[in-house]
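Rule-based calculations on the coordinates, nothing more; no lab input. Model, not experiment: these values are computed from the prediction. Quick reminder, even Gly has a Cβ in these numbers, built from the backbone with ideal geometry, and neighbours come from all protein chains shown.
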Amino acid sequence: MRTYLSICLTIVLIVLQSGCISKSKLAEDNVRSEDKEVLTVYLNDFDDIIGPMFEEATGYRIELVQGSGAELMSRIEAERGNPHWDVVWADLISSIHGLGLNGMFYEGFVPEHAAKLKETYKLLVPEGNWYYPTGAHAAAVITYNNDVLTTEEAPASWTDFSNPAFKSSVGIADPAIAAPAYAFVSSFFQQYDIEGGKAIISDWFDNGLLIYPKNPNLAMALLSGQIKVAALQESNAYNLVNQNKPVSIIWPAEGAPAAVRVAAISKETKQLEAAKAFVNFLLDPAIQQAIIDASEESYHEPSVVGVQPKSDRELNAKLLFPDIMQSYQHEAEIKQWFADFSIK
Amino acid sequence: MTLLLWILVLGPLVAVLTQILIPGFFFGNRQFGQVTLLFDVFRRPLWQHALQNSLVLSISTAVMGTLIGASLAIFRSRWHFPTARWLDVSVWLLFVTPSFIIAQGWVLFAAKNGVAAQLLGADFVTSFIFHPIGLTFIMVLSKFPLAYLAVHAALEWQVESLSHAARLTGASPVRTWFTVHIPLLKPAIGSGMALVFMDAIGDFGITATVSAVYRFPTLPYTIYSAIYTSPIRFDMAGVLSFYLIIIIMLAIVFQFYMMKGSRYDSLTAGAVRTRQKKIASKGWIATTCNVLFLFLAIGIPIGCTVFTSFVHEPSKGLAMDNWTVAHYVDLFTSNSLFVVSLLRSIKIALIAALAGLLLGAMIAYVLIFTQFRFKHLLESMSLISLAVPGVVLGIGYIFVWNQKWLESYGLLLYGKPSILILAAIAGTIPIITRIISGTMATVPRTMLDVAQLQGVALSGRIFSILLPLCKSALVTAALSAFGASMFDLAVNSILFPPSQPTLPVMINKAFENLKFGYAAAATMLGGSIVTTLIITARWLLNLNMRRKYR
């Protein structure tokens, strides 16, 4: 009996301890959230380099929470009553604009380096100064498998996706899951209105367009020969080329839809000074240059003057910037239409 | 206990269903939503397909899985042949292996750049596997053990006089089987089929894994997509969860209806343990079929995972310079999340298993030995989480444990590992309760009554009589719960704290990011460590008990 008593006592102790672990963890979490030194940033790229760079530059401590665009937005929405983040930095300008309209951001902050924004990017800053753009990349460029297509055979324009020569051999990422894919798809709804956009994408589907959850899955399909052409996010495309994969990139003459990366501060942040320092840090030309030089993911156009993009990036890259309000207002409608239409 | 079960299971479930009527209820917005959303499942193509795909996949899996599981169990219980033990071991291995790991193995095998197409030149495998029929095939091979175990357990004893009577009246052996044994197995076949159906329709791992290559939306995956998109749609997730639960409840009612009106208590004092006959001739046919089947069910998915974990490029085959242990070394580099996520998962699963053991044992005691007025209610509540898919339970936990008012009580658990512990306990309760109550039911109540008459207090009766008799079940229950909690992908994917991934989340993310070698190495090493822990714990506990009662 003594053995069983001791076993039960052990179980009770462990369970109680788990409560204590939880409590002490809670206490630790609470302390951490009140700790003026620790800034929590939700981001979808550059998590491997930005933390140490920021800590070294400012002395503030930073905690990074990395996730896909959909994961970040889901967490932010789920935490609406009780945000766990101080700054969100992601290439989700329309979704982030929506959060601003819902009053979730700290307003009126003008970072010192904001004056260095290029004119194109100054236009993207909303009236309430909810967020600042730190750069933009092509949500998609035409990427083709050069083992199976020559430059002449490859599509030169987005409209070529409905060309019967590419029947069932073109793929794009799912706009409901991959953040850049929504920027890509919604661009056609802006250029040609809702009905015109639907007509273009319907033509692609009629030509056997294939959908993959995220850009890496799309890249895998392109390499495996499952598809011949992909509307692949810029960094993913250049990384394949850099890895000597049989892939070539085409920047269509009409331009590539832009996915704009912005940084916004939570209205309920307890680390306001650190958050401001982080946004200002991201707009610092020296930092933007350092990010481009340090990361393989940095195939993008910087938002401030005096910063050079990666040398192997297309010199005449033409980005099509979104109409943010329209993109935000029609986000649910476009995604729902796309999901329902694609399944047919 | 009822309150605890309410907090752990029913509360989150009610929270999910509340979303249908009042989508902003847990975020301070008490406005009614659109009830018409309930009918969108019959209008929206995506939802229609998700519902249709789920039903087709789970019904065909239930039928095929039960057919295969029951046939194998019947054959195994009647005949002895070389490699028969392999079947038992493999069934348990498949039973405890999470479906997403099996699915990963199949993706590595059947993808366009996978082992089958690149090494074997079998291109047809890709189009076969990434097709509704192929998914059903994977699902059947992953879920048939539930039917096998249910039927095999029912065949442990048999009343030979029934079959003798049939044979004496001129029935052939085949007819005896179909008119005597199979009808008596109806409860086991029915419950096996219901279990396979419920497990298949709630399965998240297979469709989530295969979605990287092939789109096949099901209800659990569409629920997950609704909460991992922007703008987030908790109301849609609530509606789809509602339908998922309704379908599972219908399956339970169907099973109950099947059993109603007939008696199956056929065991008498003349029952004997089923004896297996050795196959006199042509045993090699059974052996070959068994080996081929096991190769298909385990060899391909696990073999491909092992192979991928040890090569640079699976497409380069068996060339000497292709072999590497680099993926295993990568698991221990400074920026690898393997060690921390493994330790985090072990800690969560350990606490959940022990807490679940305490609660499950108490529930089992109340169910078996007390006259508690509401014990049927308690039993139903303890079983509910078995019928609630992890995806649904996960989003329910977000609603319940992310309310601002909980912060002042230190109970705002969303975003913290504690929420995973609670969800894991909820998931383990049905397993633990079933295992322990099954053994407790064999303990004669008179033993406890006699002890009580002798003046032994309740604690004495429990510690001196009940626990020694149930020791094996307690160990099995705790270790089963530990194993199940380690690899629950659905709950972990939804509730893992930011920047603190657990093992299944880490493996799945590596797989999603096409780090196949790394994901495969993490699967193999993580799985081996957990299996070793379970075997060692079992051995140590058994050793301790043997010493005690020597």
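Under conditions of 37 °C and 0.692 mPa s, chain A yields 152 µm² s⁻¹ as its translational diffusion coefficient, taking Rh as the Kirkwood radius over Cα pairs in the Stokes-Einstein equation.
Along segment A:101-108 the Karplus relation, 6.51 cos²θ - 1.76 cosθ + 1.60 evaluated at θ = phi - 60°, assigns HN-Hα couplings of 4, 8, x, 9, 10, 6, 9, x Hz to successive residues, with x for each Gly and Pro. Remark: A:Glu254, A:Glu234, A:Glu301 ranked as A:Glu254, A:Glu301, A:Glu234, counting other beta-carbon atoms within 10 Å and listing the fewest first. For the Cα trace of segment B:74-187, dividing Rg by the Kirkwood Rh returns an Rg/Rh value of 1.15. Based on DSSP H segments of at least four residues, each scored -39500 (n - 2.57), chain A has a per-residue ellipticity at 222 nm of -13500 deg cm²/dmol.
Under 15 Å from a point placed 7 Å out from the Cα of B:Ser464 along the Cα-to-Cβ direction: which residues of segment B:426-449 have their backbone N that close? It comes to B:447-449, nothing else. Per residue of B:413-420, other chain Cβ atoms within 10 Å of the residue Cβ number 5 on average.
Report the relative contact order of chain B, percent, no decimals, based on alpha-carbon pairs under 8 angstrom and at least 6 residues apart. So the answer I get is 21 percent. Result for chain A in a Gaussian network model with C-alpha springs under 10 Å: among A:Gly171, A:Gly208, A:Gly103, the largest mean-square fluctuation is at A:Gly103.
If the segment from B:Tyr409 to B:Arg373 were pulled out straight at 0.36 nm per residue, it would be longer than the present Cα-Cα gap by 9.7 nm. Label zone (B:Thr531, point 7 Å along Cα-to-C-beta; backbone nitrogen cut-off 16 Å) within segment B:488-523: B:520-523.
In µm²/s, what is D for segment B:454-550 at 37 °C and 0.692 mPa s, where D = kT/(6 pi eta Rh) by Stokes-Einstein and Rh is the Kirkwood radius from Cα pairs?
201 µm²/s
The calculated FRET efficiency for A:Ala199 paired with B:Ser127, based on their beta-carbon distance and R0 = 22 Å, is about 0.10.
How high is the FRET efficiency from B:Ser315 to A:Gln329, r the C-beta distance, R0 41 Å, rounded to 0.05? That gives a FRET efficiency of 0.35.
Within chain B, the percentage of alpha carbon pairs spaced more than 31 angstrom apart rounds to 52%.
Amide hydrogen proximity for A:Ile62: with H placed 1.01 Å from N in the peptide plane, the residues at 5 or more positions away or on another chain lying under 5 Å are A:Leu39.
For segment A:220-259, the alpha carbon positions stretch 28, 20, 17 Å along the principal axes, listed from largest to smallest. Take the Cα coordinates of segment B:437-486, assign each an equal point scatterer, and use the Debye formula without solvent to give log10 I(q)/I(0) at q = 0.15, 0.16, 0.17, 0.29 Å⁻¹. Log10 I(q)/I(0), no solvent term: -0.47, -0.52, -0.56, -1.05.
Bridging of A:Lys318 to lysines at a Cα separation below 20 Å is possible for A:Lys118, A:Lys122, A:Lys310, once same-chain residues fewer than 8 apart are set aside. Its relative contact order, with pairs defined as Cα atoms under 8 Å and 6+ residues apart, puts segment A:169-221 at 52 percent. For the pair A:Glu153 and B:Phe295, a Förster radius of 45 Å applied to the C-beta separation gives a FRET efficiency near 0.60, rounded to the nearest 0.05.
Over segment A:152-291, the pair-distance histogram of Cα-Cα distances with 5 Å bins from zero comes to 2, 9, 15, 19, 18, 12, 9, 8, 6, 3, 1, 0 percent, rounded to whole numbers. With each label modelled as a point 7 angstrom along the Cα→C-beta vector, the B:Leu17-B:Met1 pair spans 2.3 nm. Of the chymotrypsin sites (Phe, Trp or Tyr not before Pro) in segment B:179-266, the ones in a loop by DSSP (not H, G, I, E or B) with at most 14 other beta carbons within 10 Å are B:Tyr264. Determine, at each q value in 0.07 (inverse angstroms), the log₁₀ of I(q)/I(0) that the Debye formula gives when each Cα of the protein assembly as shown is one equal point scatterer. Normalising to I(0) and taking log10 leaves -0.60.
Between B:Ala441 and A:Thr120, the simple label model (points 7 Å from Cα in the Cβ direction) yields a spacing of 7.1 nm.
Cβ-to-Cβ counts within 10 Å put B:Ser230, A:Ser303 in ascending order as B:Ser230, A:Ser303, the fewest first. Paramagnetic label reach from B:Thr274 (point 7 Å along Cα→Cβ; backbone nitrogen cut-off under 17 Å): within segment B:57-78, residues B:66-78. Remark: B:Phe332, B:Phe144, B:Phe511 ranked as B:Phe332, B:Phe511, B:Phe144, counting other beta-carbon atoms within 10 Å and listing the fewest first. D by Stokes-Einstein for segment B:321-406, Kirkwood Rh over Cα pairs, 4 °C, 1.567 mPa s: 75 µm²/s. Of all DSSP-defined beta bridges confined to the protein assembly as shown, some 60% are antiparallel rather than parallel. Taking the DSSP bridge list for segment A:142-234 and keeping only pairs wholly inside it, about 35 percent are antiparallel. Rounded to two decimals, the Cα-based Rg/Rh of segment A:119-160, with Kirkwood Rh, is 1.28. With distances taken between every two different alpha-carbon atoms, segment A:138-202 has a Kirkwood hydrodynamic radius of 12.9 Å. The tail of the calculated P(r) for segment B:500-545, taken as Cα-Cα distances beyond 16 Å, holds 49 percent of the pairs.
The H on the amide N of A:Ile142, modeled in the peptide plane, is under 5 Å from the matching H of A:Ile250, each at least 5 residues off or on a different chain.
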